[in-house]
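Written below as structure tokens is the structure these notes are about.
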């Protein structure tokens with residue numbers, strides 16, 4: 001991994017932030033103008049997460065890579081491509097894979113203590129699965145309260161399949177987390 005000084009790291013962090021804010025703002029305006037207000041909640045939640053992470057970046061021991069993956073995950077989610085299946089795989093599965101990877105990389109940076117490789121590996125996967133389960137519960141609760149619709153807080157295109165959908169989501173979360181955990185073996189400390 002390239003090592004940057006504090007000034008370079010700060011510039012990269014702010015550049016990534018500005019790009020994400022602009023993309024999310026454009027998406028928010030688009031969804032508002034085309035009367036897709038159900039999707040605006042997701043964009044607002046993403047903007048809130050970006051703002052929180054921007055402020056907690058240093059305290060959570062994040063670096064430009066973990067921050068980049070977090071913002072990439074949020075932007076990809078808010079593009080709402082869930083009705084697509086690139087290369088024959090549902091877009092939602094890609095999202096859960098990158099979501100698991102992102103949760104694992106953020107967790108890896110947040111827990112900067114010296115852990116054995118086995119403990120770190122298990123910790124990253126457990127965190128990704130835990131967040132994945134929380135996401136599935138939020139989707140379910142949104143469906144129960146808000147009904148059918150698009151976005152994270154409602155039941156829509158990416159959620160079809162009942163139990164199979166939830167299990168596949170968690171499997172792809174764990175695959176992404178596993179890839180991130182494996183990459184820690186090759187990362188220089």
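Would you point out the residue of the stretch 105-128, among those that are without any contact (Cβ under 8 Å) to a residue 60 or more places away in the chain and in contact with a helix residue (DSSP H, G or I) (Cβ under 6 Å, 6 or more places away or on another chain), that is nearest to residue 92 (Cα to Cα)?
128
Just give me the residues in the stretch 110-137 being at pLDDT below 85, more than 13 Å from the chain's Cα centre (by Cα) and surrounded by 13 or more Cβ atoms within 10 Å (Cβ to Cβ), in sequence order.
Correct list: 111, 115, 120, 121, 133, 136.
Any chance you could count how many residues in the stretch 58-95 are closer than 18 Å to residue 25 by Cβ and part of a helix (DSSP H, G or I)?
Looking only at that region, the number is 9.
Hey, can you tell me all the residues within the stretch 29-76 that are free of Cβ contacts under 8 Å to residues at least 40 places away in the same chain, touching a helix residue (DSSP H, G or I) at 6+ places or on another chain (Cβ under 9 Å) and closer than 20 Å to residue 146 by Cα?
Of everything in the stretch 29-76, those that are free of Cβ contacts under 8 Å to residues at least 40 places away in the same chain, touching a helix residue (DSSP H, G or I) at 6+ places or on another chain (Cβ under 9 Å) and closer than 20 Å to residue 146 by Cα turn out to be 31, 32, 37, 40, 43, 44, 46.
Inspect the stretch 5-27 for any residue being outside any helix (DSSP H, G or I) and surrounded by 12 or more Cβ atoms within 10 Å (Cβ to Cβ) and give the result as yes or no.
no
On the basis of being closer than 27 Å to residue 22 by Cα and at pLDDT below 90, does residue 94 make the cut?
no
The values are calculated or read from the model by the stated rules, or taken from the named source; none is laboratory data. For clarity, every value in this text was computed on a predicted model and none was experimentally measured. Cβ sites come from the backbone with ideal geometry, for glycine too, and all protein chains shown count toward neighbours.
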